[in-house]
Structure formats: structure tokens, C-alpha cells
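The values are calculated or read from the model by the stated rules, or taken from the named source; none is laboratory data. These figures come from a predicted structure and were not determined experimentally. Note: ideal-geometry Cβ built from the backbone for every residue, glycine included; neighbour counts use all protein chains shown. Keep in mind that these areas ignore ligands, DNA and RNA; they rest on the heavy atoms of the full protein, side chains included. Shrake-Rupley method; radii C 1.70, N 1.55, O 1.52, S 1.80 Å.
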Amino acid sequence: MLEALIVSNLLLWIIVVILGVMVFALVRQIGVLYERVAPAGALMVNQTLRPGDAAPEMELLTVENKKIRIGGVREPARSLLLFFLAPDCPVCKTLLPVLFSAHKEENGWLDIVLASDGPVEQHRKFIEQQKLSRFDYVLSEILGRSYGVGKLPYSVLIDEQGKVVTMGIINSREHLESLFEAKERGVASIQEYVKKHYSAEAEEGAG
């Protein structure tokens, strides 16, 4: 009887050890999976500017003939989001509600300027149809070239001192919010933040 009890306890401990090993392996796999599906920020494809560069300065007229200044130190101290779009861009249209939301929720620190090029009447019609009059809207091919815009929709976030914080192609709400998150965390992109985070964890694990 005593021998049977010892054997059963031994088997129980073996099972506990095996379960512990399995749980540890599962936790590691969850960590790997999380890294693979970590939030992806806006894709930064720009050969003209890099985060930290001074944003190109220029004065432009909006579609409504209002003079605005892009780049340089901003007074009062507010950041500026340039959102490049086009009336014939389907993805741009799907993101307009996201811009409306950002305009409301981030209004305490952020101005939003919509930018495009082409015939002014086409854009006036677009502004009216999509109810975009709350935004400054500029038409300038030079602006797009100066900021290295190759694909739409594209955004550039400029800080209060006129420096490029981050930028990238915007295909979803998460991409746009990743620009704000990058500014808050003081990094060039969310990808950079995630990479640093896991590098730090790997160093701690190795130590």
C-alpha cells in the first residue's frame, strides 16, 4: 500500500513538472505570436525626409484663399498633421470619418491640413460632398514633392518646432493613430518602438 502511494505521488509530480514545462512553452509561443502581430504603424516610405528633419517651409493659399504657413515654429505651439488625399482615391474617402474623429479628439494640440493637387473646382465639389469645410485644404504639387509623397493617402506629422515627427502611408485608423502614438512616445515610428521594446526584453532575458 505504501509503495503504491509513493508511486502515485511520484507520477503526480512528474505530471506537474510536465504541465509546468508545457505552460512555459505556451507562454513563450504567445509572446512570439504577439510580436508577430504587434500593432503596425503607418508604413514609412520616404526618400526625401526623415523623422527629426526640419519640415520644408512654405506659405500656401487654401481653396478658400486663406493664407496658411506649413513648417517652421508654430505660434501658438501646436502640432500639424498634413493629410495628402485625392477625390478619386477610394481609401482616402473611407478614412474621412477617422479624420473627423481626430479633428474632434485631438483638437487641443493638433491642427489638420488636407493637401492635394489638380483642378480647384473638382476639389471644391469634393469638399462640399464630403463636408470638409472644417479643414484647411490646399492644392500644391510642390508641397507633395517637398514632403516626398509617392502614394495616397499619406500623412506627415510636424511638431510645434517645425520638425518632422513621423510620417507614412495611412490605410486605417490604426495607422493614423500610430503617428500620434509615436509622438507621445518620442519615437520615429511604432515599428521602432516595438523593435526597441523586444530588444530590451531580449537583453534582460540574456542577462
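Side notes on the structure shown:
- Looking only at segment 107-128, and only at residues there that are assigned to a loop (DSSP other than H, G, I, E, B) and touching a strand residue (DSSP E or B) at 6+ places or on another chain (Cβ under 8 Å), the one that is least open to solvent (accessible area, probe 1.4 Å): Gly118
- One residue from Leu60, Leu85, Leu99, Leu95 being surrounded by 15 or more Cβ atoms within 10 Å (Cβ to Cβ), at pLDDT 95 or above and more than 21 Å from the chain's Cα centre (by Cα): Leu60
- Cβ separations smaller than 6 Å between residues 6+ apart or across chains give the following pairs from segment 149-169 residues that are over 13 Å from Arg74 (Cβ atoms) and among the basic types (Lys, Arg) to residues that are at pLDDT below 95 and open to solvent by less than 40 Å² (accessible area, probe 1.4 Å): Lys151/Ile169.
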